[in-house]
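To start, the structure itself, in structure tokens.
The values are calculated or read from the model by the stated rules, or taken from the named source; none is laboratory data. These numbers were taken from a predicted model, which means no experiment stands behind them. Here Cβ is always computed from backbone atoms with ideal geometry, including for glycine, and neighbour counts include all displayed protein chains.
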Amino acid sequence: MGKTKVFAAVILAMMPPIDDSEIERVLVVTAHPDDCDFGAAGTIALWSAKGIKVSYCICTNGDQGGEDPTVPRDEMPKIRQREQREAGLAVGVTDITFLNYRDGWLVPTIELRKDIVRQIRISKPDRMVIQSPDRNWDRLFASHPDHMAAGEAAIQAVYPDSRNAFAFEDLLKDEGLQPWRVKEVWVMSTQNPDHFIDITSTFDKKISALNAHVSQTAHNENLENMVREWGEKNAQANNLPAGRIAEVFKIINTN
């Protein structure tokens with residue numbers, strides 16, 4: 001790569017995020033119900049309060065989740081969908097699509113990619129929030145195989161497919177879904193975040209959203225303190241005053 005191209009790549013990486021005033025719609029794509037709340041619920045609540053419409057696309061049915069062995073596995077998808085809808089209400093989100101892929105078996109197939117392209121063209125987001133397709137060796141639990149698969153399929157759907165009229169032509173011909181260009185992508189759970197959001201004012205909403213996932217979080221009596229500690233570490237790493245809470249992302253400009 002020549003010096004000019006390297007310089008251009010550095011400038012692109014340093015570009016600030018698009019101002020929220022220019023964002024009308026956000027689509028969050030995650031592997032499981034509750035992933036969006038652990039990763040970004042405080043930020044999502046801030047966006048909702050500004051009048052930005054946030055939609056969720058949840059890839060799996062979540063049937064491998066839960067702590068209670070007496071709950072039949074075939075009941076878990078309904079439980080988790082109900083919990084996610086309740087969690088969405090806590091942060092101002094009502095538009096939620098469940099793709100119902102099998103929990104624990106998610107891979108970035110062409111079928112999953114097409115399903116995400118469909119949701120992009122339906123919701124027409126200016127910004128997307130996705131999971132990292134890369135393994136985070138510092139926080140291994142953030143790198144569930146389903147998370148990485150959802151992240152990989154989502155970024156492939158953003159580029160090149162959702163903007164390309166000749167990708168999945170039946171979406172246009174049969175469903176009338178026009179190509180759509182997502183302006184930027186915010187990546188959660190990345191090992192190298194480059195942007196933070198102070199969520200101190202919406203931390204209570206984040207906890208309310210997480211508490212709505214009863215089947216996943218009710219057993220953890222230390223949940224609030226644990227999530228607060230994570231957020232405070234994020235804040236301290238970004239030079240915020242003691243006691244502040246932050247969520248962190250890596251921002252990708254798609255232009």
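Residues in the stretch 155-166 that are surrounded by fewer than 17 Cβ atoms within 10 Å (Cβ to Cβ) and in a helix (DSSP H, G or I) were compared, and the one that is farthest from the chain's Cα centre (by Cα) is P160.
Total residues in the stretch 231-255 satisfying the condition of being under 30 Å from Y159 (Cβ atoms) and of a type outside the set (K, R): the figure is 12. In this structure, T60 does satisfy being among the polar types (S, T, N, Q) and closer than 20 Å to T217 by Cα. Residues in the stretch 90-114 that are without any contact (Cβ under 8 Å) to a residue 24 or more places away in the chain and under 18 Å from V28 (Cα atoms): T94 alone. Filtered by the rule that a residue be farther than 19 Å from D146 by Cα, in a loop (DSSP other than H, G, I, E, B) and either charged (D, E, K, R) or touching a helix residue (DSSP H, G or I) at 6+ places or on another chain (Cβ under 9 Å) (or both), the stretch 72-105 gives V91, G92, V93, T94.
Being touching a strand residue (DSSP E or B) at 6+ places or on another chain (Cβ under 8 Å) and in a loop (DSSP other than H, G, I, E, B) is the filter; apply it to the stretch 240-255 and report the residue that is nearest to Q131 (Cα to Cα). Steps first, answer last, please.
Here is the first cut: in the stretch 240-255, the ones touching a strand residue (DSSP E or B) at 6+ places or on another chain (Cβ under 8 Å) are 240, 244-254.
Remaining after also requiring in a loop (DSSP other than H, G, I, E, B): 240, 244-245, 254.
Values: L240: 24, R244: 24, I245: 20, T254: 16 Å.
Only one residue tops the list, namely T254.
Would a scan of the stretch 106-128 turn up a residue that is over 19 Å from the mean Cα position of the chain (by Cα), of a type in the set (K, R) and in a helix (DSSP H, G or I)? No, there is no match, as no residue in the stretch 106-128 is over 19 Å from the mean Cα position of the chain (by Cα), of a type in the set (K, R) and in a helix (DSSP H, G or I). Within the stretch 154-177, residues that are under 23 Å from I58 (Cβ atoms) and small (G, A, S) sit with their Cβ atoms under 6 Å from residues that are assigned to a loop (DSSP other than H, G, I, E, B) and modelled with pLDDT of 95 or more, at 6+ positions apart or across chains, in these pairs: S162/W180.
Would you point out which residue out of K78, K50 is modelled with pLDDT of 95 or more, surrounded by fewer than 17 Cβ atoms within 10 Å (Cβ to Cβ) and farther than 25 Å from W180 by Cα? If you could, list the steps in order and put the result at the bottom.
Values: K50 fails: farther than 25 Å from W180 by Cα.
That would be K78, the only listed residue that is modelled with pLDDT of 95 or more, surrounded by fewer than 17 Cβ atoms within 10 Å (Cβ to Cβ) and farther than 25 Å from W180 by Cα.
Just one of the listed residues (P145, P125) is farther than 14 Å from D34 by Cα and exposed (fewer than 14 other Cβ atoms within 10 Å of the Cβ), namely P145.
Give the number of residues within the stretch 219-229 that are of a type in the set (A, V, I, L, M, F, W, C) and closer than 16 Å to S201 by Cα. Please lay out each step first, then the result.
In the first step, residues of the stretch 219-229 are kept if they are of a type in the set (A, V, I, L, M, F, W, C); the result is 223, 226-227.
Now drop any that are not closer than 16 Å to S201 by Cα, which leaves 227.
Selection size over the stretch 219-229: 1.
Being more than 16 Å from the chain's Cα centre (by Cα) and surrounded by fewer than 23 Cβ atoms within 10 Å (Cβ to Cβ) narrows it down to one residue among E184, E169, E152; which is it?
Working: E184 fails: more than 16 Å from the chain's Cα centre (by Cα); E152 fails: more than 16 Å from the chain's Cα centre (by Cα).
From the options E184, E169, E152, the qualifying one is E169.
Taken as a whole, the stretch 217-239 holds no residue that is in a strand (DSSP E or B) and in contact with a Lys or Arg (Cβ under 9 Å, 6 or more places away or on another chain).
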